[in-house]
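Step one of this worksheet: look at the structure below.
Nothing in this text is a laboratory measurement; each read-out follows from the coordinates by a stated rule. Here the structure is a predicted model, which is why all the values come from computation and not from measurement. Ideal geometry is used to build each Cβ from the backbone, glycine not excepted, and the neighbour counts take in all protein chains shown.
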Amino acid sequence: MIDKILETVVNREVQDKEVAVLLSGGVDSLSVACAAHRLGKKVSAYTFHLEGDPTYDANKAEEAAKVFGWDFDLTIVPTDKLVEDFKTLVSKYDCRLKTQFENTFAYMYMFPKIKEKYIMMGMGVDHWYGSSKKCAMHFKEPKELFDQYRKEYFDDPAPANLMTLRTLTEEYDKSLVLPYLWHKEIEDFFWPMSWNDLNKGKKNKFLIREAFKEEFSKIEPIKVHLNMQLGANIDDLFEKLIDNKEINFKNRVRVMDICRDWYTLNQSNASLEHLF
């Protein structure tokens, strides 16, 4: 069962008695937190929501923390410094892609509050399952194609969605633990299964839900999880940048293009500084 595999990985990778979990209301992060809890580790749950905008994720994380006796820390991310924060995301964290900007925006407010050395996340599950619309439309069959899709992600030692997280963990002298990524036990569990084995006709992430049925039954319902930035409405907040002439200096109509413009500008400035 996947729960026993997670317990093995967490026990090996988390060397302290205490562990922080970046907790959402989804199956992925809840499962790694529950695995640590079963091992007798002292779990501290960290979550966030935008100022004035409580979310399902934040509420479910708080509910889980209360039920299981975990320490709980809620970060309320301010929205009135968006332009200043956007520039920081470029200059300090070298963000390039829209998702990097949106996710790191929340993390840079959360990380200074984390007391524990080890930080766990549930990242990676969606790639094993092929949960994205892109995968479901273009890569789910035959299995060889699905395997190729997964292999491309897991063979990359530095996928884009991890680059800024690693910068943050170095900045705050933390150790990032990702139980669903780059562990042979996890690979051996998921790799033999096809997209249909994992998804067709089953409740979202059924194998994980079933493995942690005892814990999850205490906090049901657990919704199908959105990407972090979507569930927190960060994508909507960043849409406001389109109307800001300083940030949108090329009159773009998409935030993703604004992000690329600023990344390119930052790289050009860095090259000039290197020359002089």
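Evaluated with a Cβ-only charge set (Lys, Arg +1; Asp, Glu -1), region 2-240 carries a dipole of roughly 400 debye about its Cα centre, given to the nearest 20.
FRET efficiency for PHE68 and LEU97, Cβ-Cβ distance as r, R0 = 41 Å, nearest 0.05? List each step's numbers first, then the result.
On the way: r = 34 Å, r/R0 = 0.84.
It comes out at approximately 0.75.
What is the sum of charges around PHE206, taking Lys and Arg as +1, Asp and Glu as -1, for the other residues whose C-beta is under 11 Å from the C-beta of PHE206? Every neighbour counted, the sum reads +4.
Helices in the chain that qualify as membrane-span-like (whole DSSP H runs, Cα extent of at least 20 Å along the helix axis, mean Kyte-Doolittle hydropathy of -1.0 or higher) are 255-275. Over the C-alpha atoms of region 48-138, the Rg to Rh ratio, Rh being the Kirkwood estimate, stands at 1.01. In whole Å, what is the distance between the alpha-carbon centres of region 1-56 and region 185-247? Between the Cα centre of region 1-56 and that of region 185-247, the gap is 14 Å. Label zone of LYS113 (point 7 Å out along Cα→Cβ, amide N under 16 Å): in region 217-246 this covers 232.
For the chain, report the % of Cα-Cα distances exceeding 35 Å.
Numbers: 7077 of 37950 pairs.
Counting pairs separated by more than 35 Å, the tail of P(r) holds 19 percent.
Please report the net charge: other residues with Cβ closer than 12 Å to the Cβ of PHE249, K and R +1, D and E -1. Counting the neighbours of PHE249, the net charge comes to 0.
When the P(r) is computed for region 199-276, the part past 18 Å accounts for 64% of the Cα-Cα pairs. By the scheme Lys and Arg +1, Asp and Glu -1, what is the net charge of all other residues having a beta-carbon under 10 Å from that of VAL125? It works out to a net charge of -1. Relative contact order for the chain: 26 percent, from Cα pairs under 8 Å spaced at least 6 residues apart, divided by residue count.
How would you rank ASP57, ASP261, going from fewest to most other Cβ atoms within 10 Å of each one's own Cβ?
Values: ASP57 22, ASP261 16.
Listed from fewest to most nearby Cβ atoms, that is ASP261, ASP57.
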